[in-house]
Amino acid sequence: ARGAAQAMKASFDALLKQLPRAATTTWPAGEPFVRAFGHGSMSVEAFAPNELDRQSPHTQDELYFIQRGSGTLTIGDTAHICAAGDAFFVAAGEPHRFTNFTHDFATWVVFWGPPGGEQQ
């Protein structure tokens, strides 16, 4: 049917087996993320930093759904303890980074919306 959404499914465990991916200049220990799927402006990734979280602010709004392990997520100047079961919103362009994370730390990341984020 026209306009019908396609069902999409991703297995977190299967995606984690693909990590880390190939090393790059930004990620010398291997890229710690893999895309699961996307639709329109939305994309879903699995993210498992394997040494140091080197990410920089993103152009889209994002959600993190912590799946494994624990650590600290600093958004701007505010540090949040995070663990499996927690969810976080990070606005587009906001500096953020995971630190002090356990070796098994892994999270879903969902990006969506226009560059610069949705405005209220």
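Residue 116 meets each of the listed conditions (1) over 24 Å from residue 18 (Cα atoms); (2) within 13 Å of the chain's Cα centre (by Cα) apart from (2). Beta carbons closer than 7 Å, at least 6 apart along the sequence or on distinct chains, pair a first residue in the stretch 107-119 that is of a type in the set (Ser, Thr, Tyr) with a second that is open to solvent by less than 20 Å² (accessible area, probe 1.4 Å) for 107/47; 107/64; 107/66.
The set of residues from the stretch 64-86 being loosely packed, with under 13 Cβ neighbours inside 10 Å and in a loop (DSSP other than H, G, I, E, B) comprises 76, 77, 85. If the condition is being more than 12 Å from the chain's Cα centre (by Cα) and open to solvent by 60 Å² or more (accessible area, probe 1.4 Å), then the stretch 87-111 contributes 94, 95, 100, 103, 104.
Scanning the stretch 10-26 for residues that are closer than 19 Å to residue 39 by Cβ and either of a type in the set (Val, Ile, Thr) or touching a helix residue (DSSP H, G or I) at 6+ places or on another chain (Cβ under 8 Å) (or both) yields no hits at all. Starting from residues that are of a type in the set (D, E, K, R) and without any contact (Cβ under 8 Å) to a residue 24 or more places away in the chain, keep the ones in the stretch 23-63 and report whichever is most open to solvent (accessible area, probe 1.4 Å). Among residues in the stretch 23-63 that are of a type in the set (D, E, K, R) and without any contact (Cβ under 8 Å) to a residue 24 or more places away in the chain, the one most open to solvent (accessible area, probe 1.4 Å) is 35.
The values are calculated or read from the model by the stated rules, or taken from the named source; none is laboratory data. Owing to the predicted nature of the structure, the values given are computational and were not obtained by experimental measurement. Cβ: placed from backbone, ideal geometry, glycine included. Neighbour counts: every protein chain shown. Please note that ligands, DNA and RNA were not included when accessible areas were found on the heavy atoms of the full protein model with its side chains. Shrake-Rupley method; radii C 1.70, N 1.55, O 1.52, S 1.80 Å.
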